[in-house]
Amino acid sequence: MTSILIAEDEPRIASFIAKGLRAAGYAPITVHDGQTALQVALGSDVQLIILDIGLPGLDGFEVLRRLRAQGGTVPVIVLTARTSVDDTIASLEGGADDYMPKPFRFEELLARVRLRLRAPARASGASGHELAAGDITLNLHTRQLTVAGRAHDLSAREFSLAETFLRHPRQVLSREQLLSRVWGYDFDPDSNVVDVYVGYLRKKLGADRIATVRGMGYRLEA
């Protein structure tokens, strides 16, 4: 059974997440401080971490920094009440794979958990503050896309979509997965918003860089 570490200092929230994950077939492990979170992350076979930033002892940023510094490659979803752009950037540059603000819907968290568990291992092209696949590079700090040496500025949605593709190169991503990651659950699943923004991104990447997999979704060809 897939083991997921929940590092959350608010017992009510930790219990809520654990109950939902257990019902979905996962094996949650709950801790309430940063030092214990780091010890469990490094010393046990967990497949994913849901990490609160505001932990006592070591905060989530420090847990994440030490985990990556010691070679930990387990996917990390940061879950926090902090919603500033600086905190988002700090989480991603520190090695987080995803970022969710509180309050949140459990259905969206679960969708992101499933997406991260299906993703390739972290060796997949994340380097410091950049993601790369072939001659495509996305700077997570400046939010600038570079394709074959040519720079492109992105809107917020284009950036999130590009980030999702670059974290999963050559992997087919369904419209539902892209809606969950980029737009949350605020949009009708039958909406064509994903197709529209894939079209926008193709204009900057090149039409042949994002393939349409009929009946399944889209795949970044790098």
Want the number for Glu221 to Ser155: 0.36 nm per residue separation, take away the alpha-carbon distance, what's left? 21.6 nm
Considering only protein heavy atoms and a 1.4 Å probe, what is the carbon-and-sulfur percentage of the accessible area of the stretch 1-59? 53 percent
Using 0.36 nm per residue, how much length does the chain from Phe16 to Phe106 gain when fully extended, once their Cα-Cα distance is taken away? 31.5 nm
First measure r as the distance between the Cβ atoms of Gln144 and Ala207, then evaluate 1/(1 + (r/R0)^6) with R0 = 25 Å and state the FRET efficiency to the nearest 0.05. 0.75
Any chance you could list the semi-axes, whole Å, largest first, of the equivalent ellipsoid that the Cα gyration tensor gives for the stretch 1-85, using √(5λ)? 18, 16, 11
In the neighborhood of Met216, defined by Cβ-to-Cβ distances under 12 Å, what is the net charge if each Lys or Arg adds +1 and each Asp or Glu adds -1? +2
Distance (nanometres) between label positions extended 7 Å along Cα→Cβ at Ala81 and Ala69: 2.8 nm
Can you tell me the accessible area per residue over the chain, all protein chains present, probe 1.4 angstrom, in square angstrom? 47 Å²
Quick check on the chain: of the DSSP beta bridges with both residues there, what percent are antiparallel, nearest 5%? 50 percent
Can you tell me the convex hull volume per residue for the chain, based on C-alpha atoms, in Å³ to the nearest whole number? 117 Å³
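The values are calculated or read from the model by the stated rules, or taken from the named source; none is laboratory data. This one's a predicted model, so the numbers in the text were calculated from it and none came from an experiment. Backbone-built Cβ (ideal geometry, glycine too); neighbour counts: all protein chains shown. Heads up: the accessible areas ignore ligands, DNA and RNA and are worked out on the full protein's heavy atoms, side chains in. Shrake-Rupley method; radii C 1.70, N 1.55, O 1.52, S 1.80 Å.
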